[in-house]
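Let me begin by presenting the structure, written as structure tokens, before commenting on it.
The values are calculated or read from the model by the stated rules, or taken from the named source; none is laboratory data. Predicted model, so just to flag it, every value in this text is computed and none were measured. Positions of Cβ are generated from backbone atoms using ideal geometry, with glycine treated the same way; all protein chains shown enter the neighbour counts. Surface accessibility is based on the protein's heavy atoms, side chains included, excluding ligands, DNA and RNA. Shrake-Rupley method; radii C 1.70, N 1.55, O 1.52, S 1.80 Å.
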Amino acid sequence: MADKIRVITKRPGQPPRSVWMANTLKNFQTAVGGYIEAVRLAKDMAIICNEEGVINDLPYNCTICGVQFFGDVVLVGVNGEEFADLPLAFTEIKAMMPSLWEVSGQ
């Protein structure tokens with residue numbers, strides 16, 4: 001498992017940012033403000049979100065693959081059972097998931 005991985009973070013109402021993040025459970029929990037839920041988007045990519053985002057009435061963030069996300073999210077690569085660097089460049093992800101770049105509400 002890599003110590004730091006390249007991810008994309010997104011807060012509600014803000015554009016996404018490409019950042020390096022420590023690859024630890026505690027760090028992901030801090031990033032989303034609570035217990036994490038990983039939603040698999042593809043074999044090699046997932047979104048980490050706050051599993052209680054709806055229950056805790058967190059603000060709407062984005063809709064990806066028909067799934068609505070609330071609160072801060074982190075887009076990560078997946079390698080087997082581990083989180084990893086994103087498998088695509090920032091520009092490629094922007095072309096694949098334009099809704100991630102929406103900064104307004106629903």
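Scanning segment 42-51 for residues that are open to solvent by 30 Å² or more (accessible area, probe 1.4 Å) and modelled with pLDDT of 95 or more returns ASP44, GLU51. Taking the stated definitions as given, is ILE8 hydrophobic (A, V, I, L, M, F, W, C) and modelled with pLDDT under 95? Spelling it out, it is not the case that ILE8 is hydrophobic (A, V, I, L, M, F, W, C) and modelled with pLDDT under 95.
If you check ASN23 against the conditions, is it of a type in the set (S, T, N, Q) and touching a residue at least 60 places away in the same chain (Cβ under 8 Å)? So ASN23 fits the description; yes. When segment 66-83 is limited to residues that are part of a strand (DSSP E or B) and farther than 21 Å from LYS94 by Cβ, the one that is most open to solvent (accessible area, probe 1.4 Å) turns out to be ASN79. Restricting segment 22-41 to residues that are closer than 17 Å to ILE64 by Cβ and in a strand (DSSP E or B) leaves a set whose member that is most open to solvent (accessible area, probe 1.4 Å) is ARG40.
Of the candidates ILE93, ILE55, the single residue that is open to solvent by 60 Å² or more (accessible area, probe 1.4 Å), of a type outside the set (Gly, Ala, Ser) and at pLDDT 90 or above is ILE55. Of the residues GLY33, GLY66, the single one that is in contact (Cβ under 8 Å) with a residue 24 or more places away in the chain and at positive phi is GLY33.
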